[in-house]
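Reviewing the structure listed below.
Each reported figure results from applying straightforward, stated rules to the coordinates on display, with no laboratory input. What you are looking at is a predicted structure, and each value in this text was computed from that prediction instead of being measured. Positions of Cβ are backbone-derived with ideal geometry, glycine not excepted, and every protein chain shown enters the neighbour counts.
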Amino acid sequence: MPGLAVEVIDIDDPQDPRVEDFRDLNSVDRRPDLPVLPGGRPGRGLVIAEGVLVAQRMIASRFSAHAFLGVDKRLEELDDDLRDPSLSGVPFFRASAEVMAEIVGFHLNRGVLAVARRPEVLSVSDILETARTVAILEGVNDHENIGSIFRNAAGLGVDAVLFGQGCADPLYRRCVRVSMGHALLVPFAKFDEWPRGLDELRSRDFRLVSMTPDPDAVTLAEAVDAEKVGFLVGAEGPGLTASAMAATDVKARIPMSRGTDSLNVATAAAVAFYERVRSGTMGE
């Protein structure tokens, strides 16, 4: 295709060493998206984008794709995106669906993968310079929940996601996939100290709101009208730790009915984000 920035390279041999970054995506012993492999061995820690939409979002993000692997149909669908000058010389390994399945270890219905190295980690301080609404996670170790929280954050105007202790890696392949690529676009950072790091948000005039099913907590609608808000959500089941909740300014609950005490953490976060939008205090 004339005008593409990428270099299209046909791959017929699944053992071709040039596609090593895409190999055995389901193998715990080899997965390229793991920073640390079983037994403490160092991993590659690569970021994998699956599908046309997620690959497009990787191209638009600070995660610089250094290779693509896909079938010819997906190459055609990405035609406009692959003309981006930032991709000059980046290889697009074109393969049949059968060869691609042998490389990655399973049949990939989405038909295309992009891979990037992890960029420099953002700091909490840098993120808070312009943020007005942030999600703060503690103990959320389910990849799909984290991915869903990123997707909800992107759709409902949340500026960033911050990670306390005990959370899964937001750049694991499943997180990126479930987030529809928004884990690559919504800024995120990890606290160096937890929950002491929350002091920085308070020093920047954030109201810290801990989500809880406690019937004595105020309703969510009563807690979201500050100029800056940070929502804390915890793991499925145990929720936030006592020390994290003690470090917040207000405990808030989602009014529930029919004997239901709580929602899935990603759903609860989405409700909190929407209530913040509905309050009209998020700004432009």
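For the stretch 7-116, compute the orientation-averaged projected area of the C-alpha convex hull (one quarter of its surface), in nm². Could the numbers behind the result be given before it?
On the way: hull surface 25.8 nm².
Average of the hull's projected areas for the stretch 7-116 equals 6.5 nm².
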TODO: Mind listing the long-range amide H neighbours of Leu208? Cut-off is under 5 Å, sequence gap 5 or more, other chains count too, H placed in the peptide plane at 1.01 Å from N.
DONE: Gly230, Asp249, Val250
TODO: Enter the Cα centre distance for the pair the stretch 84-142 and the stretch 1-41, rounded to the nearest angstrom.
DONE: 13
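If R0 is 22 Å, what FRET efficiency do you get for Asp214 and Asn141 from their C-beta distance, rounded to 0.05?
Numbers: r = 23 Å, r/R0 = 1.03.
Efficiency, from the Cβ-Cβ distance: 0.45.
If we count every other residue with Cβ under 14 angstrom of Phe106's Cβ, Lys/Arg +1 and Asp/Glu -1, where does the sum land?
In short, +3.
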TODO: Would you tally the net charge around Ala235, using a Cβ to Cβ cut-off of less than 9 Å, leaving Ala235 out, and scoring K and R as +1, D and E as -1?
DONE: -3
Open item on the list: I'd like the per residue volume of the convex hull spanned by the Cα atoms of the chain, given in cubic angstrom.
Closed with: 147
Task: Amide N of the stretch 1-45 lying under 16 Å from the label point, which is placed 7 angstrom from the Cα of Ser86 along Cα→Cβ - done: 5-6
Open item on the list: If you take every DSSP beta bridge fully contained in the chain, what fraction is antiparallel? Give it as a percent rounded to 5.
Closed with: 30
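Show that you can apply the helix-only estimate: for the chain, add -39,500 (n - 2.57) for every DSSP H stretch of four or more residues, divide by all residues, and state [θ] at 222 nm to the nearest 500. Can you show the working numbers first?
Working: 9 runs with 73 residues, N = 284.
It lands at -7000 deg cm²/dmol.
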Open item on the list: Distance between the C-alpha centers of the stretch 146-209 and the stretch 232-267? Whole Å please.
Closed with: 16
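Checking the a/c ratio against 1.5 first, then a/b against b/c, what shape does the Cα gyration tensor give for the stretch 124-279? Spell out each step's value before the answer.
Values: a/c = 1.35, a/b = 1.12, b/c = 1.20.
Here the stretch 124-279 falls in the rounded category.
Which length gain, in nm to one decimal place, applies between Arg41 and Leu53 when the Cα-Cα distance is subtracted from 0.36 nm times their residue separation?
Working: separation 12, 0.36 × 12 = 4.32 nm, distance 3.23 nm.
The Arg41-Leu53 span can extend by a further 1.1 nm.
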Task: Charge tally in the Cβ shell below 12 Å around Ala5, where Lys, Arg are +1 and Asp, Glu are -1, Ala5 excluded - done: -4
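I need the GluC sites (Glu not before Pro) found in the stretch 40-125, filtered to DSSP loop residues with at most 16 other beta carbons within 10 Å of theirs. Don't skip to the end; give the middle numbers.
On the way: sites: Glu50, Glu76, Glu77, Glu98, Glu102, Glu120; in loops: Glu120.
Answer by residue number: Glu120.
Between His66 and Glu98, what is the FRET efficiency for a Förster distance of 30 Å, r being their Cβ-Cβ separation, to the nearest 0.05? Please list the in-between numbers first.
On the way: r = 25 Å, r/R0 = 0.83.
Calculated value: 0.75.
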